[in-house]
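Let me begin by presenting the structure, written as structure tokens, before commenting on it.
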Amino acid sequence: MEIQDFSPSRRVFLKKIAAAASAVYINSFIAACRTSATATTFSDSEVDVELELAAVPDDVQIFPGVLTNVWRYQGKVIKGPTETLEIIPESYLGPIIHLKTGQNVKITFRNDLLEPSIIHWHGLHVPEAADGHPRLVIDPGQEYMYEFTMMDRAGTYWYHPHPHGKTGPQVYKGLAGLIIIHDAEENSLDLPQGQYDLPIVIQDRAFDESNQFIYATSRMDQMMGFLGNTLLINGLIQEKISVEARSYRLRLLNGSNSRIYKIAWSDKSPLVIIGTDGGLLEEPIYREYITLAPAQRIDAWVDFSKYPIGSTLELVNQSNSTPGGNNPFTITSFSIGNDASDTTSLPPTLSRIAPHDPSKAVNAGSPRLFSLQMGMRMVWNINGRTFEMEDVASNEKVKLGDLELWQFENTGGQGMGMLLPHPMHIHGLQFQIIDRQIDPRYQDIYSSISDGLIDAGWHDTVLVMPGEKVTVLMRFEDFEGLYLYHCHNLEHEDMGMMRNYRVSA
Ligand code: C2O
Ligand code: CU
Ligand code: CU
């Protein structure tokens with residue numbers, strides 16, 4: 001969003017226009033007014049949607065027999081459309097939060113767990129005070145209030161806890177949910193909606209004989225990232241999903257702690273990709289398979305009407321050279337039921353994306369370098385530094401409004417050491433992926449997944465493979481403050497493979 005600095009007189013003028021215009025216009029005006037603030041505060045009448053979310057211990061039925069102890073988010077709509085929260089029946093996943101671009105949102109989080117926590121809205125462009133930084137954790141029994149204007153594009157985002165050192169176990173216990181944003185541009189397209197718009201949250205878990213989660217924390221698990229042996233879809237064992245013979249939109253989220261998926265259709269049809277982390281692509285992309293790293297989202301479009309009624313189409317994970325990737329398996333299968341009337345068709349043009357121009361970056365030609373390393377004592381770090389709550393190094397200070405190139409290099413730094421894939425995530429914004437370079441010595445591992453990397457569109461998480469350098473481009477706009485960037489392999493993150501960056505005017 002391009003936001004200029006308004007002089008006071010221009011503000012008054014705009015306010016008059018805004019009063020007479022649509023709600024959306026007013027909302028974007030409100031957002032514009034708060035340029036560079038670190039927090040947003042609404043008066044009661046300005047709030048469009050008000051929610052309460054509580055993190056609570058609970059039991060759910062994942063297998064027949066003994067219930068599984070989980071932690072999960074429960075939600076309540078205080079103000080705004082009741083459809084804002086969509087509960088996934090029987091699932092430990094939090095309610096899907098449906099929001100519209102331009103809405104003023106207020107969310108009160110209550111921590112009913114036995115340890116500190118805080119919620120982060122993954123992928124959203126929100127003020128510092130609403131980003132859920134680990135220094136903002138609240139103790140059991142306390143509440144935290146978030147206020148922000150929804151400034152993001154239509155797409156699939158998500159929310160999860162972010163307490164330092166505990167994000168992995170808390171997400172694993174069940175704390176996560178989807179945020180689905182709708183906007184006018186997307187509404188004008190003929191995409192499948194409602195029951196034909198299916199969330200597919202993919203998570204791997206391990207269970208003991210009494211149906212309880214096993215989360216191992218051996219040194220090896222932390223170093224590699226934890227891998228489960230049982231696949232859950234939307235928090236449930238879902239080997240079969242019944243669909244009608246028509247087109248669907250599938251919103252895939254890799255909500256796993258560390259597993260990377262190589263996703264394909266069992267009949268080898270190409271996957272039709274219509275969106276990434278930050279919303280719709282300019283036009284659909286066709287791929288034999290997609291590579292989905294932790295925290296990444298892909299929106300896919302599929303037409304089940306080309307398959308015979310009664311047949312089954314599987315979404316499979318193909319073998320690959322990422323950790324745990326040697327065995328292929330079925331993610332879930334779709335059994336195609338009755339013919340259904342379908343007025344939707346795949347739009348040839350999806351979205352107008354106004355990409356940044358890399359040559360306009362303030363550091364064009366010399367990106368900031370972030371070296372992903374394994375340090376002494378076998379701890380993952382970034383540029384040799386581990387996470388410290390408030391610490392910002394000199395190469396982690398950026399200027400509000402600047403367009404910058406950052407390069408993540410997974411080349412082992414100075415020392416030797418283990419190289420693993422690192423899905424790198426930057427808080428508070430969406431970036432473009434500009435360039436990838438692979439060290440030929442790692443070409444084999446790379447080739448096992450590289451055709452499935454989707455670099456078009458907007459992203460908040462990018463997979464950086466062993467031996468690879470990846471350059472991203474982004475603008476630090478609207479908000480000053482302290483934000484995070486980190487590896488979204490949650491065990492790596494908890495080990496300290498996370499740092500702050502500070503945006504200042
Ligand atoms: Cu899903 Cu710090 O992020
Ligand atoms: Cu995030
Ligand atoms: Cu990592």
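Can you say whether ASP478 is within 25 Å of ARG135 (Cβ to Cβ), away from ligand 2 (no atom under 16 Å from the Cβ), acidic (Asp, Glu) and assigned to a loop (DSSP other than H, G, I, E, B), as far as the supplied structure shows? Considered against the rule, which asks whether it is within 25 Å of ARG135 (Cβ to Cβ), away from ligand 2 (no atom under 16 Å from the Cβ), acidic (Asp, Glu) and assigned to a loop (DSSP other than H, G, I, E, B), ASP478 comes out as yes.
Residues of segment 100-158 that are closer than 20 Å to VAL47 by Cα, of a type in the set (Gly, Ala, Ser) and not in a loop (DSSP other than H, G, I, E, B): ALA129, ALA130. The condition (being of a type outside the set (Gly, Ala, Ser) and within 12 Å of ligand 3 (Cβ to nearest atom)) is satisfied by just one residue among ASN500, ASN489: ASN489. Of the residues making up segment 440-469, those that are among the polar types (S, T, N, Q), farther than 16 Å from HIS488 by Cα and either over 23 Å from the mean Cα position of the chain (by Cα) or crowded, with 20+ Cβ neighbours inside 10 Å (or both) are GLN443, SER447, SER448. When TYR286 is tested against (1) hydroxyl-bearing (Ser, Thr, Tyr); (2) in contact (Cβ under 8 Å) with a residue 24 or more places away in the chain; (3) over 30 Å from GLY401 (Cβ atoms), just one condition goes unmet, and that condition is (2). Just one of the numbered conditions (1) assigned by TED's automatic domain parsing to the domain that holds GLY275; (2) in a strand (DSSP E or B) is not true of GLN195: (2). Can you say whether PRO355 is surrounded by fewer than 16 Cβ atoms within 10 Å (Cβ to Cβ) and assigned to a loop (DSSP other than H, G, I, E, B), as far as the supplied structure shows? Yes; evaluated as a whole, the condition is true for this residue.
Can ARG246 be described as over 16 Å from the mean Cα position of the chain (by Cα) and within 30 Å of GLY457 (Cα to Cα)? Answer is yes for this residue. When segment 82-123 is filtered for residues that are over 12 Å from PRO161 (Cα atoms), free of Cβ contacts under 8 Å to residues at least 60 places away in the same chain and buried (at least 21 other Cβ atoms within 10 Å of the Cβ), the ones remaining, listed by number, are THR84, LEU85, VAL105, ILE107. Close Cβ contacts (under 8 Å, 6 or more residues apart or on different chains) running from residues in segment 352-371 that are closer than 24 Å to ASN383 by Cβ to residues that are β-branched (Val, Ile, Thr) and modelled with pLDDT under 95 comprise SER371/THR411.
For segment 71-99, a residue qualifies if it is assigned to a strand (DSSP E or B) and of a type outside the set (Val, Ile, Thr), and the qualifying residues are TRP71, ARG72, TYR73, GLN74, GLY75, LYS76, LYS79, LEU85, GLU86, HIS98, LEU99. Among the residues making up segment 324-351, those that are surrounded by fewer than 17 Cβ atoms within 10 Å (Cβ to Cβ) and hydrophobic (A, V, I, L, M, F, W, C) are PHE329, ALA340.
Highlighted here are the strands (runs of 3 or more DSSP E) found entirely within segment 376-434 that include at least 2 residues which are more than 16 Å from ligand 1 (Cβ to nearest atom) and touching a residue at least 60 places away in the same chain (Cβ under 8 Å): 397-399, 403-409.
The values are calculated or read from the model by the stated rules, or taken from the named source; none is laboratory data. It should be emphasised that the depicted structure is a prediction, and the values quoted were computed from it without experimental measurement. We place every Cβ from the backbone using ideal geometry, glycine too, and count neighbours over all the protein chains shown.
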